[in-house]
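Each remark here refers to the structure printed beneath this line.
The values are calculated or read from the model by the stated rules, or taken from the named source; none is laboratory data. As the structure is a prediction and not an experimental result, all values here were calculated from the model. FYI the Cβ positions are ideal-geometry reconstructions off the backbone, even for glycines, and counts take in every protein chain you see.
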Amino acid sequence: MRSKLFRLAMKVDGFFHKVDKTLHKRAKRYFQEEYSEIKSASELEVLPRVFEYSFAIKNLPKKGKVLEVGYTASSNALPVTLAGLGYEVYGVDLRSFKVRCNDFQFVICDARYLPFRAVFECCYSISTIEHVGLPSEWSPNADWDGDNKALKEIINTVKPHGSLVITVPFGKSGMLPDSRIYDTEDVKRLFAGLTIVEEDYIIESHGGWSKASLEEAAKATHKAGFRAVGMFRLNREENNLHSS
């Protein structure tokens, strides 16, 4: 009798051991897949920013008062970094920026209606202009000319002969649900009246981002795995001030 009970107990234990092993395998596979998706989404956001932030830093004045327009994502360490380097940094966005530090002041406002006039040595905007005016949870009403309006406001924030650093999606001209894509002609229209002092391009291919030529970036379709970003440093002239 005892031997029968023992064999039964062993069978039951073996059954639950198999169930437990199966559940562990499934749980492991699930979390690997989840982590992979999270990692992939994070890389899509962060990797091009590495190039964009370095381009911005390289093209900022050596010191002074600078304004960041847009982009309050958690991966954005640029305003805090610049404040730590001795710049007086201001930031604006429709969303609140969670980080606070000395020499960095943040204002919630729309890029089309900036509360500054000719006070900054430089204004930079990293992958933001393309979203302005398109319907979103923060701005539900469409304004198809929002990018041009925002750029005029940005120009007005810098001092005469001040500079702008702007990055935008680049490639085949078009419109995504939440973003505009600019080609060479779109860029000329957007930056009309400004002087492009420096330009650089990056492209996504083979699962990563790298520097690219204008010709290579211009082919980007902005379908999965084939995107590009144009990065521009621009100067405004003394008389290039737009009326509100």
Filter the stretch 141-188 for residues that are assigned to a loop (DSSP other than H, G, I, E, B) and of a type in the set (Gly, Ala, Ser) and give the result. Ala142, Gly171, Ser173
Within the stretch 45-67, take every residue that is of a type outside the set (A, V, I, L, M, F, W, C) and not in a helix (DSSP H, G or I) and give me the one that is surrounded by the most Cβ atoms within 10 Å (Cβ to Cβ). Lys65
Scanning the stretch 161-174 residue by residue, the ones that are more than 13 Å from the chain's Cα centre (by Cα) and under 22 Å from Phe55 (Cα atoms) total 7
Only residues that are in contact with a helix residue (DSSP H, G or I) (Cβ under 9 Å, 6 or more places away or on another chain) and exposed (fewer than 12 other Cβ atoms within 10 Å of the Cβ): list them for the stretch 177-191, please. Asp178, Arg189
Can you find even one residue in the stretch 193-200 that is more than 30 Å from Asn141 (Cβ to Cβ), assigned to a strand (DSSP E or B), in contact with a Ser or Thr (Cβ under 8 Å, 6 or more places away or on another chain) and in contact (Cβ under 8 Å) with a residue 12 or more places away in the chain? yes
Identify the residue in the stretch 206-237 that is aliphatic (A, V, I, L, M) and assigned to a loop (DSSP other than H, G, I, E, B) and, among all such residues, is surrounded by the fewest Cβ atoms within 10 Å (Cβ to Cβ). Ala224
Please list, ordered by first then second residue, the pairs with beta carbon atoms under 6 Å, 6 or more apart or interchain, first in the stretch 125-144 and in contact (Cβ under 8 Å) with a residue 60 or more places away in the chain and over 12 Å from Ala111 (Cα atoms), second assigned to a helix (DSSP H, G or I) and not hydroxyl-bearing (Ser, Thr, Tyr). Ile126/Glu52
Of those in the stretch 197-244 that are acidic (Asp, Glu) and within 23 Å of Tyr124 (Cβ to Cβ), the residue modelled with the lowest pLDDT is Glu238
Hits in the stretch 175-203 - residues which are farther than 21 Å from Lys58 by Cβ and under 18 Å from the mean Cα position of the chain (by Cα): Met175, Leu176, Pro177, Asp178, Ser179, Arg180, Ile181, Tyr182
Failed item, numbered, when Pro79 is tested on (1) of a type outside the set (Lys, Arg); (2) out of contact with any strand residue (DSSP E or B) (no Cβ under 8 Å at 6 or more places or on another chain); (3) buried (at least 20 other Cβ atoms within 10 Å of the Cβ); (4) part of a helix (DSSP H, G or I): (2)
So for the stretch 9-17 (the condition being part of a helix (DSSP H, G or I), charged (D, E, K, R) and at pLDDT below 90), does at least one residue qualify? yes
Any residue that is touching an Asp or Glu at 6+ places or on another chain (Cβ under 8 Å), at pLDDT below 95 and over 22 Å from Arg49 (Cβ atoms) - is there at least one of those in the stretch 142-158? no
